[in-house]
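Just so it is clear, none of the values below were taken in a lab; they were calculated from the coordinates. Given the structure is predicted, the values throughout are model-derived calculations rather than measurements. Cβ placement follows ideal geometry from the backbone for every residue including glycine, while neighbour counts extend to all protein chains displayed.
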Amino acid sequence: MSVTEDRQEDRTVLAGTDRGGVTAVIGSLGTNLIKLMCCNVVFVIFNIPAMAVAFLLAAYILPKMSSSLMPETFVDTLIALGLHGQTNRSNDITGQEAALSIYSLLLIFCVMLLVSSLLVCVGPIQAGLAKVYGSIARTGSESSVKVFLAGVKGSLRQSIPAMLISIAVTFICLLAVSFYLGFGLTPLAALFTVILVVFSLMQNLVYRIMVTSDLGLFKIYKNALFMMLLRLFPSIGIALLNIIVLAVIPFALIMSSQIVSVGVCFFLYLFVLASVMHYLNTAYADSLIARYMREGEEDSDA
């Protein structure tokens, strides 16, 4: 099957997505959990280069956002607040070492957040996974490996530039946030934070449009932005859901002093969080594509 025929099949399937599709996909999470966990592992493994880039971004930007996030200051602050190590026959950890461990966990959290939100990710891999999520949602019998490879191959021309654009936008926005925070201009810092959240949500739409249409990259981004604006409040709801699942809950776990909580957080990132959220985002993207892009095609044909 050619790439064009493959995308035509996706568009045909999307025609029924706006009839309760999102609700159906939410209900299918339990049934497809094993497949989604496999997708999550693939996402983590193939995004190791993206994690390295995200780590460099986080290590560079965090100290610029606040002097209290400089490693030395962070450690001194925690020690001043009463953080102490643990000393026994088999363990001798100073307060400084414990504080450095917490700082390392904070960096790891930022890395996983940047990657899971698709702000820093390997574009062709995410395009392939976006196609797999669509296949899982329609409970197709196709091989997930075959669908994944088709998605990677068919989107190389667009997914690589999209990946570079996303990294550049992320760096600029984070740099702007740190710059304005440094000058006490909190409203401007908040504005660029909102832009970054909106762009993250757009990324889910971008990769799904990419594997279901033959549009150029500029038109893909334009359609993603317009669809978000047309469905602003549902998009805000999806963004809040992403923030809660990918940021709030993991941060609470990873900053816990309980080893079990940290272990649960890493398990969720490795096996569950990214794929479940991307799967739900795919269902939302498909509902928008079916509603607006299909209508646009029909209007142009009329």
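Protection proxy ranking, highest mean first, for peptides 191-197, 114-120, 63-69: 114-120, 191-197, 63-69, where packing is the per-residue count of other beta-carbon atoms within 10 Å, averaged. Length gained on full extension, L225 to L185: 11.7 nm, using 0.36 nm per residue less the C-alpha separation. Each Cα pair of segment 157-221 feeds into the Kirkwood radius, which the Stokes-Einstein equation turns, at 37 °C and 0.692 mPa s, into a diffusion coefficient of 257 µm²/s. Cross-link partners among lysines for K219, C-alpha distance below 25 Å, same-chain residues fewer than 8 apart left out? Candidates past the 8-residue exclusion: K131, K153. Once both labels are positioned 7 Å from their Cα atoms along Cα-to-Cβ, the gap between R157 and E97 label points is 5.7 nm.
For a protection proxy built on the mean count of beta-carbon atoms within 10 angstrom, sort 199-205, 100-106, 146-152 highest first, please.
199-205, 146-152, 100-106
Separation of segment 162-195 and segment 119-134 by C-alpha centroid, Å? Using only Cα atoms, the two centres lie 24 Å from each other. In order along segment 144-151, the phi-based Karplus estimate (6.51 cos²θ - 1.76 cosθ + 1.60, θ = phi - 60°) of 3J(HN,Hα) comes to 4, 5, 5, 5, 4, 5, 5, x Hz; Gly and Pro are listed as x.
Could you work out Rg/(2.2 N^0.38 Å) for segment 108-187, with Rg from alpha carbons only?
1.44
In segment 198-272, Rg over Rh equals 1.15, where Rg is the alpha-carbon radius of gyration and Rh the Kirkwood radius from pairwise Cα distances.
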